[in-house]
Amino acid sequence: MHTVERLIVIVVFEGVDLLDVTGPPEVFSLARRETEEAAGYDVVLAAETMDPVVTAAGVRVLPDVTFEALASRSIDTLVVPGAVEVDGQRRVKALVDPAVVERVRQLAPRTRRVTSVCVGAHILAACGLLDGKRATTHWSTAGQLAADHPAIEVDSDPIFIRAGEVWTGAGISACLDLSLALIADDLGEAVALRVARQLVMYLKRPSGQSQFSVPLEQVSATRRIEELRHYILRHIAEPLTVAHLAEHAHVSDRQLTRIFKNELGLTPHAYIESVRVERARNQLESTDATLERIANACGFGTVDTLVRAFRRRLDTTPTEYRRRFRTSPD
């Protein structure tokens with residue numbers, strides 16, 4: 001089957017956020033690896049000149065092509081990252097370079113899909129590409145975006161928003177979530193899920209040993225659930241009840257259950273158990289800790305509870321799992 005190349009152009013300029021630039025190419029490269037017959041991606045960094053660009057992190061990146069060289073090319077996806085400045089009171093302000101705005105304005109009409117990462121939404125807004133649309137950006141500059149562009153419906157909660165063929169993404173690491181969503185749109189949820197597993201749950205294993213993992217949940221579209229997921233990971237050894245999580249999230253028990261079912265397709269209890277099994281699985285593979293210690297560290301409380309969870313989710317026992325998948329420490 002002929003592979004169709006999709007040209008992904010990432011705009012780079014002085015002071016751009018580094019992860020905004022490097023995150024998407026990693027995701028798209030994994031998509032190429034995870035499928036042999038679907039459309040491929042050709043990712044390039046575009047700048048005004050071919051000179052190195054110094055990012056906000058101080059790391060220099062080399063452009064692949066100039067904006068002028070793209071003048072006659074058809075672009076599948078234009079990715080516009082952002083840049084900020086922080087004052088003495090740690091207030092964050094999105095920076096918008098008129099020269100970058102003009103280049104994006106020139107490239108957009110030849111692009112099938114325009115996206116922004118983090119505060120790159122301010123550049124799309126300055127181009128007029130978000131007028132009359134719902135959009136998101138980093139929470140710290142959402143107020144600025146709304147004040148500067150009243151024609152935009154700014155929503156600071158979602159991780160990403162799609163408005164036709166214009167996509168906007170939230171905080172810096174959300175470039176990964178946005179890229180996964182773009183892959184799902186192009187190649188289907190199955191490919192995006194395989195890429196997500198590689199990004200989030202990949203484990204170093206001896207050559208040829210199979211991956212053995214609980215299913216990875218789909219990426220959540222709201223910050224509230226993402227914050228809860230991180231909270232659960234940080235407190236996995238502690239008792240985690242629905243009432244406790246609801247109090248942490250400032251919602252009712254019923255609302256919390258509805259949020260989990262809508263966002264992740266699971267009850268809070270089922271999600272917590274899946275995380276605990278995953279944590280225990282990692283410890284069984286990489287440590288010599290006793291089952292009692294693992295059960296306590298992962299929040300199961302007793303070995304019996306640990307064993308029941310493994311049988312329910314992985315159709316095996318912790319002891320059998322360790323025998324099959326124990327890896328030697330580096």
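The values are calculated or read from the model by the stated rules, or taken from the named source; none is laboratory data. All values reported here derive from a predicted model rather than from experimental measurement. As a convention, Cβ positions derive from the backbone with ideal geometry for all residues, glycine included, and neighbour counts pool all protein chains shown. With ligands, DNA and RNA removed, areas are computed over all heavy atoms of the protein, side chains included. Shrake-Rupley method; radii C 1.70, N 1.55, O 1.52, S 1.80 Å.
The figures follow:
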item: Under 5 Å, built H, 5+ apart or other chain: amide partners of Ala163; result: Thr168
item: Mean Cβ count within 10 Å, highest first, over the residues of peptides 165-171, 72-78; result: 165-171, 72-78
item: Sequence ranges 87-95, 267-275, 178-186, ranked by mean other-Cβ count within 10 angstrom, highest first; result: 178-186, 267-275, 87-95
item: Dimensionless Rg/Rh of the stretch 1-156 - Kirkwood Rh, Rg from C-alpha atoms; result: 0.98
item: Under 5 Å, built H, 5+ apart or other chain: amide partners of Val84; result: Leu95
item: Rg and Dmax [Cα atoms of the chain; Å; Rg one decimal, Dmax integer]; result: 22.2, 65
item: Span from the the stretch 18-83 Cα centroid across to the the stretch 296-313 one, whole angstrom; result: 44 Å
item: In sequence order, calculated HN-Hα J values of the stretch 288-295 (Karplus, 6.51, -1.76, 1.60; Hz; x Gly/Pro); result: 9, 4, 5, 4, 4, 5, 5, 4
item: Accessible-area ranking of Arg32, Arg322, largest first, probe 1.4 Å; result: Arg32, Arg322
item: Dipole moment magnitude, nearest 20 debye, the chain about Cα centre, only Lys, Arg, Asp, Glu C-beta charged; result: 1160 debye
item: Packing-based order for 131-139, 249-257, 6-14, 306-314, using average beta carbon neighbours within 10 Å, highest first; result: 6-14, 131-139, 306-314, 249-257
